[in-house]
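Please read the structure below before turning to the comments.
The values are calculated or read from the model by the stated rules, or taken from the named source; none is laboratory data. Since the model is a prediction, treat every value here as computed from it, not as a measurement. Positions of Cβ are backbone-derived with ideal geometry, glycine not excepted, and every protein chain shown enters the neighbour counts.
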Amino acid sequence: MDPAVRKIIHIDMDAFYASVEQRDDPALRGLPIAVGGGGPRGVVATCSYEARAFGVRSAMPGARARRLCPDLIFVRPRFEVYRAVSGQVREIFSRFTDMIQPLSLDEAYLDVTVNKPGIASATQVAQEIRRMIREETGLTASAGVSYNKLIAKLASDQNKPDGICVVRPSEGAAFIAAMPVRRIHGVGPVTAKRMAALGIETGADLRDRDMRFLQSHFGSAADYYYRASRGEDDRPVRERQTRKSVSVEDTFFDDLVEEEKLVAELDRIAANLWTRIDKAQAWGRTVVLKVKFADFRIITRSKSFAAPVRSAELLAQAGRDLLIAQLPLRMGARLLGLGVHNLEGEEEPDEAGAQLALGL
């Protein structure tokens, strides 16, 4: 890589929770397993690659996962173990750089433009990190190596599991051009559908639209999409931060009015939020409901508890109670969101922010 540009690595542990379980219990190796709850309201936190072959995915309701894979084995999560392994991996990162931005227990950005061993090649740094992770934890990690965070994160998913993908500055624009827009960070499911309706399916399609077109259809996000489609991303790798809340929200194609549909969507959002809370171990005492109406007016309602909410059922019920208290709505809802505030202690930052239609 040109030494004048940044050297960014995105490390993503492969099926982290499930891989830890298979490592610690040889009887589970080679079998389709899901870490999470298999009950009526259970959610898959993550699953092994054997389960993914059947279409099982993170954040999927446990009941649906069982239908897709009748032999699926559910394993209760052991977050204390995952945190310990994550700590081992972070210690390996720190041998190379102090510029580390964790996204969750199982992934992080590293800026190795200047690194402690003085290794000129970011690719070599990534290979060394992956080797050490395998030797010291018995697990595998995939890596994306590039000149910015946007492309490094996309690259880490290219050759999973146990792979590496390097995208040099001269290759960035072509790499993004071939990428489905739904995979570009910042393009959520609703935006991806809007783009598809406009004939924008790939990064190349997005790049072919001028700024005026993008502004007319995507408003303030136009500049980001314009630059991302050209492989440009100036966001720095930020070191560990303290988060004050965790939230998930979703925008709907059609405004929702009926109670049954509203509650069903909120239950889905609550399940996704619980997956995020579990993954980051971010327990909060206050549950907050957000509703954006068809006229873009926003209301928030909250309910606080004496102790942090540590149950998916309690989280979902609190959200339902807050929503039902607002019914009937004055007009249709175009967005629902649910979050937890007043977190207990410190937890990991998550770049995905509030929007989540969980698929990773």
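Would you be able to say whether some residue in the stretch 192-213 is without any contact (Cβ under 8 Å) to a residue 60 or more places away in the chain, under 20 Å from the mean Cα position of the chain (by Cα) and over 30 Å from Q124 (Cα atoms)? So that I can check it myself, show each step before the final result.
Going through the stretch 192-213, the residues without any contact (Cβ under 8 Å) to a residue 60 or more places away in the chain turn out to be 192, 194-213.
Remaining after also requiring under 20 Å from the mean Cα position of the chain (by Cα): 192.
This time we only want the ones that are over 30 Å from Q124 (Cα atoms), so: 192.
Yes - at least one qualifying residue is present in the stretch 192-213.
Here L322 meets each of (1) free of Cβ contacts under 8 Å to residues at least 24 places away in the same chain; (2) hydrophobic (A, V, I, L, M, F, W, C); (3) closer than 15 Å to E265 by Cα with one exception, condition (1). Entry remark, the stretch 304-337: residues being in contact with a Ser or Thr (Cβ under 7 Å, 6 or more places away or on another chain) and either of a type outside the set (S, T, Y) or not in a strand (DSSP E or B) (or both) number 3 in total. Counting the residues of the stretch 226-283 that are part of a strand (DSSP E or B), at pLDDT below 85 and aliphatic (A, V, I, L, M) gives 0.
Looking at the stretch 51-73 only, could you name the residues that are at pLDDT 95 or above, out of contact with any Cys (no Cβ under 9 Å at 6 or more places or on another chain) and surrounded by 14 or more Cβ atoms within 10 Å (Cβ to Cβ)? Across the stretch 51-73, the qualifying residues are R52, L68, I73.
Taking the stretch 64-75, which residues are without any contact (Cβ under 8 Å) to a residue 24 or more places away in the chain and either within 21 Å of the chain's Cα centre (by Cα) or within 18 Å of A270 (Cα to Cα) (or both)?
Of everything in the stretch 64-75, just one residue is without any contact (Cβ under 8 Å) to a residue 24 or more places away in the chain and either within 21 Å of the chain's Cα centre (by Cα) or within 18 Å of A270 (Cα to Cα) (or both), namely R64.
Looking only at residues of the stretch 40-63 that are closer than 14 Å to A15 by Cα and assigned to a helix (DSSP H, G or I), we find that the one that is farthest from the chain's Cα centre (by Cα) is E50.
Scanning the stretch 116-153 for residues that are in contact with a strand residue (DSSP E or B) (Cβ under 6 Å, 6 or more places away or on another chain) and of a type in the set (K, R) yields R130, K149, K153.
Residues of the stretch 223-267 that are in contact with a strand residue (DSSP E or B) (Cβ under 8 Å, 6 or more places away or on another chain), of a type in the set (D, E, K, R) and closer than 28 Å to Y82 by Cα: R238, E239, R240, R243, K244, E249. Which ones in the stretch 126-156 are closer than 20 Å to G172 by Cα, of a type outside the set (K, R) and either assigned to a helix (DSSP H, G or I) or in contact with a Ser or Thr (Cβ under 7 Å, 6 or more places away or on another chain) (or both)? A126, S142, A143, G144, V145, L150, I151, A152, L154, A155, S156, listed by residue number.
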